[in-house]
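As structure tokens, the structure follows; a few thoughts come after it.
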Amino acid sequence: MRGKTIILVGLLALCVPARAALPAEQPYKIAFGGRLITDVYIDGKGPFSFLIDTASSRSLIFEHVRKQLDLKQSQPDLISVYGINDVGEALPVTPGELKVAGESVPNLMMGVLPDSLEGQEPDGVLGLDVLARYFVVLDRTTMHLRLMAPGAQSAHAYSDWNKVLLRARALKKFSIQFWYLDTHFNGRPITALFDLGSGATVINWLAAGKLGVREYDFRNVGPPPELLQDALGKNKPAIRLFGLDVRLPGRLWKQQMALVADAPVFDYFDLDEKPAAIMGADLLGENSLAIDFAGQRLYIGPNADETLHPPA
């Protein structure tokens, strides 16, 4: 049987050894359904638009990029890809250099995903095999991504921002870590997966029940349209909740919207038997963020309407 390497895409975090790096920065933007996008160069070509994904264990490209770069399969085994919408196998490729925000990452093995039929995906995904090498700052007021050296010195510079614990926990089936945030929705504690790669905040029906929203009351709604069932589930209704107050330590977002769905992701990542949420870029992306993967802390700074004074 052909061997497989497991990658959890879009909703999984994997720690990699940190290395020293000089601060570098470049613009990012909000696109592709409210997600965070920045430019990446591969083997000197580009720029390619990459999704900044704090919950993807590996960086990925789509098939049209592989063809443009003429990248060949770099190992005989395919890579099993677990994502928010599907589970499948990806072709491994290893370009000579990936470059982002002035930093060069040589010989990075990446997976290749098929192009979307709708053509509405970015060119690739910038995962934690790159991001977790750095102390990552997303400055919402200037719309710049900054990569800093990991360690206490970088973290100290942002110590006056709201500090939130990033809880690491391995999956039951695979010894790979991903990250949780301890959140409160309308005052009720609900564990949330930290996923800037998601353009929406999603809660499961167990979490909705804690908020007083019963699945039974929506039994006549029926499952989502067939086009959305891979993402939102095939058997239970999917609805929108409005007017939610979402709280993290020192930070409150009022009158927020979240999807309630029986999304397959909750099953993939051992979240289907407890009240759980996915906290996406629609909420956190409005604030400046400093992500300390090595120290397992998320620092939440000003939002787009507040003044940011970068640390010296």
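The values are calculated or read from the model by the stated rules, or taken from the named source; none is laboratory data. Since this is a predicted model, take the numbers as computed values, not measurements. Don't worry about glycine lacking a Cβ; one is built from the backbone with ideal geometry, like all the others, and counts go over all protein chains shown. Side chains are part of the model used for accessible areas, which takes the heavy atoms of the whole protein and leaves out ligands, DNA and RNA. Shrake-Rupley method; radii C 1.70, N 1.55, O 1.52, S 1.80 Å.
When you count the other C-beta atoms within 10 angstrom of each residue and take the mean per peptide, 51-62, 68-79, 103-114, 184-195 line up highest first as 51-62, 184-195, 103-114, 68-79.
Net charge around GLN296, counting only other residues with Cβ within less than 14 Å of its Cβ (Lys, Arg = +1; Asp, Glu = -1)? Summing Lys/Arg as +1 and Asp/Glu as -1 gives +2. Structural descriptor for segment 150-263: relative contact order 24 percent, calculated from alpha carbon pairs under 8 angstrom and at least 6 residues apart. Calculate, for segment 152-274, the solvent-accessible area per residue in square angstrom, rolling a 1.4 angstrom probe over the heavy atoms of the protein chains. It amounts to 53 Å² per residue over segment 152-274. Candidates LEU113, ALA200, PRO47 compared by Cα position along the dipole of the chain: farthest toward the positive end lies ALA200, with charges placed on Cβ.
On the chain, 50 percent of the accessible area sits on carbon and sulfur atoms, based on a 1.4 Å probe. Among the trypsin sites (Lys or Arg not before Pro) within segment 145-223, which fall in a DSSP loop and have no more than 15 other Cβ atoms within 10 Å of their own Cβ? Here the sparse-neighbourhood loop sites are LYS172, LYS173, ARG214, ARG219.
Picking from ALA31, ALA294, ALA157, which is most flexible by a Gaussian network model of the chain using Cα springs under 10 Å? Top of the fluctuation ranking is ALA157. Both radii were evaluated on the Cα set of the chain; the Rg over Rh quotient, with Rh as the Kirkwood radius, amounts to 0.96. Distance between the C-alpha centres of segment 26-48 and segment 246-275: 27 Å, rounded to the whole angstrom.
How high is the relative contact order of the chain, given as a whole-number percent (alpha carbon pairs under 8 Å, six or more residues apart)? That works out to 22 percent. The stretch between GLU63 and TYR41 holds 6.3 nm of extra length on full extension. This uses 0.36 nm per residue minus the Cα-Cα distance. Within the shell of other residues whose beta carbon sits under 13 angstrom from the beta carbon of GLY280, the net charge comes to -3, with Lys and Arg scored +1 and Asp and Glu -1.
Taking the Cα centre of segment 150-295 as reference, the dipole from Cβ charges on Lys and Arg (+1) and Asp and Glu (-1) amounts to some 360 debye. Between TYR216 and LYS254, the contour length at 0.36 nm per residue exceeds the Cα-Cα span by 11.0 nm.
About its Cα centre, the dipole of segment 211-312 is roughly 260 debye, where the only charges are +1 on Lys and Arg Cβ and -1 on Asp and Glu Cβ.
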